[in-house]
Structures are given as C-alpha cells and as structure tokens.
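Here the structure is laid out as structure tokens; the discussion comes afterwards.
The values are calculated or read from the model by the stated rules, or taken from the named source; none is laboratory data. Please read all numbers here as calculations on a predicted model, not as lab measurements. We place every Cβ from the backbone using ideal geometry, glycine too, and count neighbours over all the protein chains shown. Side chains are part of the model used for accessible areas, which takes the heavy atoms of the whole protein and leaves out ligands, DNA and RNA. Shrake-Rupley method; radii C 1.70, N 1.55, O 1.52, S 1.80 Å.
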Amino acid sequence: MDDDIKKLVEEIYFITGYDFRSYRPETFQRRISLRMMDTKCSTYQDYLIFLKNHPAEREPLVNSVTIKVSHFFRNPLVFEVLYNEVLPKVITSKMSDKTPQLRIWFAGCAGGEEVYSTAILIRELENKRFPGLKAFLLATDIDRQALEFARAGIYNKAALTEVKKGYLDKYFQVEGKYYKVNKWIQEIVSFGYYDLVAAKVPSPPSGLFTNYDLIFCRNVLMYYNEPVNQQIFKRLLGCLNNPGYIILGEAESLLPNAINRLQEVYPKLRIYKNHHT
Amino acid sequence: MKNFWQRFSDIAPLEMISSFRGRLLIIISLITIVIAISSGIINYHLTMRTARDEFQESFSMMSNILKSDIENWIYERKFEVVSMANNPLVQDALLKIINKETGYEQSTNDLQVLLAHFAQNRGIYDGMILLDTNGRVMVSEIIEYDNSLILIEDIYNRPLETGEVYFKDVYLSPNTNKPTISISAPVFAPGSSGEIQNIIGVMSFRITIQEVLEPLLASTANLGATGEVVLVNREGISLMDLRHRPGSGLKYQLQTEASARAARGEEGVGEFKDYTGAQVLAAYRYISDTGWGLVVKKGQEEIFAPWRAKAIIQIVVDIGMALLIIMLCSILLNGLIRPLRELTEGALAISSGDLDKRVVTGGTIEIAALRQAFNNMADNVQNRIDDKNKFHEVLKALLFSIDMNTLLRVTVESVARTYGYQVGAIYICDQEQGLLVLSATYGAAKGFSIQKISPTEGLIGEAIKNKEISVLRNIPSDSEYVIETFTGPIAPKSVLHIPLFFEEQLQGLLALASINTSEDEENDVMMMVADIMAVAINQARIFKQTQKMSNRLQVLNEELTAQNEELKTQSEELAAQSEELIAQRRDLEDKNQALERATQHKSEFLAKMSHELRTPLNAILGFSEALLDNLFGKLPNKQQECIEDIHSSGEHLLGLINDILDLSKIEAGRTDLARDHINPTQPLKEALAIIATEAGKKNIIIENKLESEDLLIYADPDKLKQIFLNLLSNAIKFSHNDGFVSIDVESQTDYLEFSVADNGIGIPPDKKRIIFEEFKQADNTISREYGGTGLGLTITHRLVELHGGHIWVESDFGHGSIFKFTIPKHTVSRITADTSITTSEAAPASDFSEVPTEESASLDETTVKAPKTGGGRKYSGNNSSALLEPSICKHLCPSDIQILLVDDDKHVRDYLTTLLESKGYHVTSTDNGGQAIKIALQEHHDIIILDLVMPDMSGFKVLKELSEHPGLKSKIVVFSAKDLTDDEKKEINRSTHLIYGKGMLSQDEFLSLIERLNGSDKGDSVENHTSYRR
C-alpha cells in the first residue's frame, strides 16, 4: 500500500510539479482518497489519468492535500522585526514620494491570518510613527475556499491567542464565539485568485501592478519541487521593488538562483532583501 | 521458664508479626484465649442459672414452711383462747365474779393467777383479759386493767354477736403503740351449750406480733445479711418493723410487686425490686386465714456472690490453662525453628564473606537433609568463589601490561601459580614462519629445550586442530618431560597444552606442567582462561601494530604539516593574484560598458546624421533631375555632363546614406523583424525583378533554382528580400559581361542554406574575412570601378544574424564566388552570442530577465516584452527608448489633466486615485459603466481609465456607447484583468488608445504610459504599445 502511495506521489510530482513526497503516506492517502471519491476514480492509476487529462483537478488536489492551519502573529519574532525594522525602513525609503504607498503581496495567503496580522502592524505604524501612511495589501492563493474564508475575516479564539489585548479591542469585533476583523483592517487588504505556477500574467491582476515592496511567500515553496520553485522565485523576484523584501516560511530557504540577488537580513527569520540598495 | 519469657520478649513486635514462630504463636494464643474466655462466659452463665433455679426452689419451700408455720401458730392461738374461754373453771369463776358471789374475789385472784401463769408459760401474750358483756375488764393478768373498759369494742362485740372466736387483725395498740393482734372468744355460762344468750363474758388475748412472730420467722428462714421476711396486710402495709426501716410496723405501705401480689392472694417466686430498690429474689404466699401476704426475699447480690466467685475461679483456671498451652507451644516452636535460625545465621555469615561457615548436621530426617544441602551449597559457593578469585588473579595479570613481553611473562606466572602448576610456558604464533615460538616461561631454570613447535604435528597439532586442551596424565618419571627447575629436576605427573584462539585464529599455545595429577573439571576453567589470554595477546599484538603505525603516521603528519605550510603560502599568493584579476575584470567591465555606450551613441548619431543629410540631398537630386529633364531648357553639353555627374554622385551619396542608416539602425537595436513562417521564393522573386534591368544591361543570366521548391522559413520577408537584393546586386556588380549567376537552396534540419554564386572576379583569400566589415571592399579601387558603398555586405551580414543565421563566402579568386547564408526554419530563442549587434536580446541580462517560459519565448517579438527586473524601468523590444524619452513628448502638466476612473472594485479605485493624485492628476472615479458614460459626456476628461468586467454595464458596452459620440475627445485606456480574445482585442483597438492588462506592468511603467498619453494623439506610436501579451 505504501509503495502504491509513493508511486502516486512520484507521479503527481512528475505531472504537476507538486512535491508531496515529504508527506506522511497515511495522511496523504486519506486526503487523496477524498479526491478519488469526488472524481469517481477507483484506483490510483485512474486518478493519475484523470489528473493528466483534467488540468483543473490540480487545484482541488492541492487544496485537499495542503494544510492551512495558522494563527495570528505566528512566529512572533518575524512580526516583531517587521514592525520595528523592515516596515519602517521600507516606508522611510519611500518618503520621497508625496504620498508613500506601501505595496505588499502575500503569495499564498491561506486563511489570511498573516495578512491581517500585517495589516494590524501597518495601522499601528500609521497611528504612531507615519501619519497618513497608505498601504495596499494583496493576498492571493490558489485555494478559492481559503480565499473566501480569508476575505470573510472571521476567526475563532484559538487563532487569536498571540494577539495583544489592545489589538483585539481595536481591530476586531466580537460576533458570538468568533472575532471578525473590522473595516479599518479590511479596507487595506485585497484578495484575489492567482496561480503562482501556471498564471500567464506575471503578477496578480488584482494587484494592478507588478511591483511590490514586500512579498510574503511563506509555506508555499515547500509544496513544489525545485524546478517549479525556481519558476516561482523568478516570478517573485520580477515583482520586487528595489529596495524590497521577500519573507519566506520558517522551514524554507533561498534557491541557488536567488542567492546572488537577495541577502538574508535577519538571520534565521527568512527575511531577504534586494542586494542592491 | 525464665528463658521462655526472655525469648518471648526478645522478639520485636514487627518480628512477632513477620516471623513464622511469632505468627504461629499469635494464632495459638488467640485460639486458646478465645476458647478459655468463651468457656468461662458459658460456665458463668450456666452456674448463675443453676443458682437461680436452686434458690427459687429453696425459697418456695421455705415460704411454704413459713406459711404453714404462721397458719399453725394462729390456729394454736385461737385454740388456746377458745380452750381458756371454755375452761369450766374460768366459766364458773367469771360467773361468780360477775354476780359478785361470795368468794368472787378469790375466784378473781385464782383466775388472775391462772392467766398469769398461762401467760408466763406461753411467753407469747402480753395481755390476757376477761371481759364481761359490757366490755369491762373483769380479770387480767395485769391487775391495773381490772374494771377498766376496753376501748376497742370489736374485741368483745364480735364474739358477743357471733358466739365465735374473733381474730382481730393487726392494729396499733393504744397502750404499747406497737402492731398488735387480739384474739377473743365468748365465755359461755357453765354447763350451757354454745348459744349466744348464754354468753357471760369474753376472753381476749393480746399479742404484740413483732416480738412474737419475728423470732418465729427468723428461725425458719436463713436470711443472711440482706434477707427478710415481710408480712403485709390486705392494703400492703407492713405488719412489722422492716429490717431496713425500724419502727415502720403498720405505718408503711410497701409498693413492691411481690408484696402486692401476695396481698392480692397470689403465690409464686421471682426476681423483683424490694422497697429499698435492691434486686432481690423473692417468694410470696397468701395466708388466707388472716388475709396476710407473706414475702420472703433475699438480695440477689448476696445470693449469687458465692456462685459468682465459683465461676470466676473457673475462668481464672481456664486462662491459666490457656497460658500453659501457649507456653508449651512456644517451647515446641522454638525447638522446630532453631535449625532454621542456624541456617539463616550460616547463610548470613556466608554472604558476609565467611565462606568457611557450616552448620551442624543431624536432627530429624528433614532437618538433616536441609542442613546437608546447605553445607553442600556452601561448598559449591566456596569453590566458585575460589575459581573466580583465581580467574581474577589471571585477569589482573592480563591487564597488567599491554606490552607483549611483559604481558606474557606476568600471565604465565600468574596462571601457573594460581592453578597450582610448577612449570609454565607460552608459545606465540609467528604468522610468517607458521610456527609457535617460545615467548615466556615460568619455573624452568634453564628455559625450555623446545623453542619452536609446529602447530600441525603430534599431540599439540591435534589439540590445535580440535581447539581442545590436550592433557597428558600419569607420565612415567623417566620420560622426556623431565624439566630442570630451580629446585632441581621434576618429573611432571600431568602436562597440559592449551591452544589460544581469538576469533578462530590461533594466537599461541599455553603449556603447563604439574607434579600433581590434574582434574578434568579444571579443563573448562582453563579453556576460559585461554580465551581471555587469546584476547589479551591479540590486543597486545594490535597495540604493537598500532604503535608502529602511529609512529609512521607521526612522520607523515609532520611531512604534511610542512607541505601544508607551503600550500598556504601558495594559496595566499593565489588569493592576491585573484584579487588583482577581479580588479582587472571590473576595469574591463567598466570599459566594456563605456564602449557599448559609445557604440550606441555612435549609431544613434549616425542615424540622425543620415536623416539630416538626406534632406538636402533630396533637393540636390530633385533639382539635378529637373535640369536633366530639360525643365529649364536644354543645357549645353558641358553643363549636361556636369549635371549628370552631380546627379550620379548624389545618387551614390543617397545610397551610401541609406546603407549607413540601415546599418546604424541595426546596430542601435532598432531594426524590427516582422517575422513569420514564409516561403522565401516570393521575396526572392521581388528581388530578382528589381535586379533584372541591371542584369540585362550586362547580359548576365540568372538561374533561380528555388522556383519549384516548397519551403518555409521563419523570417521577415522584407528583410529577406533585402538580403537577396544585396547579394544579387553584388554578384551582378562583380560579374563580367555575359556572366552567370545562380541561386540555390539546400534544406537542413533546422534551417535553409541559400547560396548565390557568380563567375565574376572573385575575392582574394586574405580579404574573405574583412568583406563583411563596414566600408571594406576587396580592393579600394573596386569602389571606383564597380560603384557601391561598401556597406551592402555588412548590412546583409547583420540582417542574416538578426534572423539567427550565418553568412559566409566561398571564393576562387578570379573565377567567381559563392555567398552562402542560413535562415532558421523555426524560432530560435537566442541569437548567437558572438554577434556584435546590439539587440534587445543580446543586451546584458541576468537569468531573471529571460522570458519566463518556453512558450512565452515564441511570442511575437514585436510586442512589448515582459517587465524587466526591479523597478522595471526598461523595456525590451522596439520603441522602448522612444516611449520612455519624456523629451519627445510634449504633454500637458499633470495638474491640468482630468482623469475618469471606472472600476467596480473599490480597492482598485482607491489605490489608483491615490496613486494618480499623488502625481498631480485630477481623478474622478465611478464604479459603474452607466455612471461613467454620464460623467464622460457631461464633463471633459482627458483620459478615461476603464475596466472591462463590471456587473451592471461591461467595459465593452461603455466603449461602444462612447464611440457613438464622435465629439468626445477623451483618450481611453482599457485597464482590465480580462483575458482578451483576438476578436475582442481588435474590437477594442478601434476605440481605445491603450490596452493594459492588470498585473502586467509596474506602477512606474503605468505612470509613464499615462504621462506619454498626454502628449500624443490617437494613431501615434502609442497605439503600438498595446500592453496585452497573449
């Protein structure tokens, strides 16, 4: 059984570039069986053929296999550094513009926790240090369900344990057992569907333009193999302003083709900056 | 006994519970004590019951006797009174007295004496009186009563009335104030029968009962300290003084159950409370004659005391018996447990190291067996420990040193001594010789005679082969085994040969000799010793080798260190050189960039210059032509020639300028290839048509071998035509009259190879390489002779390479030349790197500026490329520089510009509004098409930015409606995320100035486009910048 699963994972890797090889076979098997039920495939072979013939199946496949559990201010140190170092630096570098407008792209936003966390930080910065600061936060994902969830901005208590009490009062409204991010936060965040691997447009249309000051691409690369990751990286780098920052997930690292272009500015936090300033 | 208690008390409470003896004792004690106590209790109860029963019976009996005694006594009294009354003496005397007959005084006296005598005799009565019928005392034993009236009337009334004896129940005598009874009987007249009318007086005896009855009763009942006999009347009043209440006679009513029952006339026996509240055993009887109740009682305490004492003595005896049993059991147990204690002590002694400890044998069969087994076990343990100690000795020797010789010497001595051998020797296996070599001895004075042994021969060989100990016993004293020792020659009784194996490999041999006969059991031990010896020997051997290697390594290491130092020095030198090289390379790069810039400038300069030059030249050519056409009248011949010269020179100059312009365009990277898959025959035909006149002039035959071919290449037809034209005109130019030119093609896998051949003057071998460079014809004179600018081939060369092909020449000097070039059939992703032409794709670029995917590389290259890296300030492809050169655009100031923004997404509107306003534009925005049309028609907006996909009215519809208003001067920019089809694109193109896909260009690029739009009109170059890429 395990062998069959391994074979299937290899084939999916070969066909789509999604790298599920690091998954536990049992987990993968459980999730893939849901897809097989939906597509009425009785064997792995059938499913592979289906996948080959229906490129649209890639999206539900990824959605059912990837894990989307997160919470606000996950990896608090990253957000600490964002608030105290990275964001102020980027904002200062744009001060020469009459009205500086930050552009931030979350490539692979999942449930939106990270996006709203950043939005809170920006509102705080606007309040305390940079009055009149404008920001445009774009969050994209390949998972339309996740996008809907993120757009709604409704979270349970477990997702908010890292949120300071003051923030909770200021940026959330209570709706029964849940907390909803308020308008103040939502109005600077846009959501849009975007396939980092297959999209023909170089950057998400909902972001209007290709240039971003900060790009979050956390826990996305881990699902793909290296050639695909290189493509993704090329795309991300093509969309990065100068100066600009890319923020990767905790367990991800720079690909060889990007090492010359970026440098890790905060050790271990996976925050990378354009080489040339 | 003392011993027992001592032992008993020696046992600690805990031991009492946990030891076998203690437990057994506890159990036995509990059982016996329980039995003793329960039997005591049962015995006690039985005794008490018996006592009660017996007493009740005796009380019943006693009370019956008492009852009859009293009844008898009363009967006797009555009888006495009646007897006295009926005594004729008395009758006569009384009659006399009453009648006062003579001698009555004597009679009175006589009676008095009689009565006194009687009273004295009886000792019961305290008053005896004789009354007359009026109740007057006639005679009494006490004289003072005489003639006095009896106060208690019934004493005489009742006998008078009934004529019978009357018993007056107890009353308090007024005289004595004591309980008293009176019995009175009528005295009849003498000689009369007992009739009432004959009564002459009454005889009455009085008794103070206390004094009389008490002794009577007491004599009958054995009443002890608490016992009492109580008489009560019908009212329950005690008739006599009670024992515990003196003076209570007739004054005290008893409330007790027994007396109440007796008074009611019942009889019985039982346990009651008496008037003092004490528990008593009482029997009660009824005396019917008098209506008295009789109660005989005695305190229970007193009754049971002797019985209880008896029962307690019984219990004490029982407990004593129980204790005796326990004591006996304990003594018995001690006897049983003693051997166990001894064994325990023995085991403790052994475990604490006293291995010689043994227990005394004997005892019962079981105990004897146990003791024997214990002693055997102790023997075994002692043996084992001896073995272990010996083994330990050997081990100590083995660990004594890692040096081979020391190890062997110490080991052989230790083994021999420990196991009682007088002589020992170790042979070590010499791998090279394949022999066992004597390496250490013990006990032998002169060493062993045998220095080397073959491991395959004889008994030893056998032992080694089988990996067993070889033992020789009972060796005759004159054998070869006699050994010289320090104490003289000895003849061993047994000789052992023990092969030493480590991991199946023979390490050596241990030989031992003893004057005693060895035991077989020792062989196992010796095998074990041998195993460990083998390990130690192997270890020592390895150590020896390691040491050797270590020494060698040290030497090597030192050499390496030296080499390392040297290498380090070299490396530092290299690093220094490398840095120099890097510096040089940086210089070179800088220079290279400067050069590139210079080339660019040069080309741009040339392009401009050519343009500027062409304008006056057109005038020269135009006017000279007009003169030659005689428009101003016929010219003199001389002038005609001059003008012809001017004209031809002008044309030459124009050709030259055109070529320079072409070339510089190519070099400036502005030549666009409108490439497509085409058939090359068409461009060739066009070229041939142009060249035909020239060829006809020189009567040159042109053979076209392509005509029939069905070919396809990926090329720009115009440029291909130019290539053909240049090559053909060259061929004709350098051909002699009546020459021959042929065109051919050869198809290869990826490209077509064209050739243009002539039989003209040819090219000298040393010039072949330079003819493609600018202004280089084979000979400077050629220019004069054949005309031409010398740029044709250069341009051809560049054009071919722009297509991704090659051009070269094969020539036989004096006999003609063949120009060959290749054009790819399909797309090529890159132009060969060695080209010097500066094109978009040859521009310095990092990996990231490449088009992202394979497919996108095949896109039409005339369109705008994907955004470049970083801020994306550069465009690749054509027109980009023009686009970004603000100087070209003469636009309005942003603050004068009104922009209408139409998009249904609020985020988009907000963002773009902020962006554009920050650049100074005036922005009005709306979220629906209908509103947009209204605003656009009401007010002038310079630019309308329009989304296509909107819920109420699509962008397409908005465009259509706006196009129906020709007066509208706004420039429309479609800005949408929609994936447009070709048809849609075409449709939109008609009515818009710019189509721009969301997410396609950077913000700066977008702003530049908007800025540029200000200064341009529709139909200008902007239209070509359609930013859609599909």
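Distance between the pseudo-spin-label points of B:S963 and B:A692 (7 Å out from Cα toward the beta carbon): 4.3 nm.
Residues of segment A:201-234 whose accessible area, computed with a 1.4 Å probe over protein heavy atoms, drops by at least 40 Å² once all protein chains are present relative to their chain alone are A:V201, A:P202, A:P205, A:L208, A:F209, A:T210, A:N211, A:K234. Heavy-atom accessible area with a 1.4 Å probe sorts B:W73, B:W307, A:W184, B:W292, largest first, into A:W184, B:W307, B:W73, B:W292.
Extending 7 Å from Cα along the Cβ direction at B:L149 and again at B:D531 yields two label points whose distance is 14.5 nm. Contact with the other protein chains removes 50 Å² or more of accessible area, compared with the isolated chain and a 1.4 Å probe, from these residues of segment B:968-1006: B:G999, B:Q1003.
Remark: the B:L937-B:R473 segment gains 153.7 nm on full extension, using 0.36 nm per residue and subtracting the alpha carbon distance. Solvent-accessible surface of chain B, averaged per residue with a 1.4 angstrom probe and all protein chains in place: 54 square angstrom.
Skip the ligands, DNA and RNA, and give the accessible area per residue of segment A:76-274 with a 1.4 Å probe, whole Å². Please list the in-between numbers first.
Details: 7850 Å² over 199 residues.
I get 39 Å² per residue for segment A:76-274.
Segment B:T615..B:L635, full-extension length gain: 4.6 nm, with 0.36 nm per residue of separation and the alpha-carbon distance subtracted.
Going from most exposed to least, what order do B:E522, B:E164 have by accessible area with a 1.4 Å probe? Let's see the in-between values first.
Details: B:E522 50, B:E164 120 Å².
From most exposed to least exposed: B:E164, B:E522.
Sorting A:E162, B:E235 by solvent-accessible area of protein heavy atoms yields B:E235, A:E162, largest first, with a 1.4 Å probe.
Quick one: with all protein chains in place, what share of the accessible area of the protein assembly as shown is carbon or sulfur, to the nearest percent (1.4 Å probe)? Don't skip to the answer; put the middle values down first.
On the way: 36170 of 67950 Å².
It is 53 percent, rounded to a whole number.
When the other protein chains are added to the chain by itself, burial of at least 40 square angstrom of heavy-atom accessible area (probe 1.4 Å, ligands and nucleic acids ignored) affects these residues of segment A:247-277: A:R261.
Here B:N198 and B:T102 are evaluated by their C-beta separation; at R0 = 25 Å the FRET efficiency comes out at 0.65. What FRET efficiency do you get for B:I515 and B:N551 if R0 is 51 Å and r is their Cβ-Cβ distance, rounded to the nearest 0.05? Here the calculated transfer efficiency is 0.65. Principal-axis analysis of the Cα atoms of chain B puts helix B:522-628 at an angle of about 40° to the longest axis. To the nearest ten degrees, helix B:88-99 and the longest principal axis of the Cα atoms of chain B are 80 degrees apart.
Mind scanning B:K685/B:K733; B:K685/B:K825; A:K268/B:K568 and naming the pairs with a C-alpha gap bigger than 24 Å? The partial results should precede the final answer.
Numbers: B:K685/B:K733 19 Å; B:K685/B:K825 19 Å; A:K268/B:K568 33 Å.
Over 24 Å apart, Cα to Cα: A:K268/B:K568.
Taking label points 7 Å from Cα along the Cα-to-Cβ direction, B:N157 and B:T50 give a separation of 6.0 nm. The long axis of helix B:20-86 is offset from the longest Cα principal axis of chain B by roughly 30 degrees. Here B:S918 and B:T599 are evaluated by their C-beta separation; at R0 = 35 Å the FRET efficiency comes out at 0.35.
What is the interface area between chains A and B, defined as buried accessible area summed over both chains with a 1.4 Å probe, reported in Å² to the nearest 100? Walk me through the numbers before you get to the answer.
Numbers: alone 13720 and 56600 Å², together 67950 Å².
Protein heavy atoms only, the A-B interface buries about 2400 Å².
Were the residues from B:E271 through B:E753 laid out at 0.36 nm apart, the gain over their Cα-Cα distance would be 158.1 nm.
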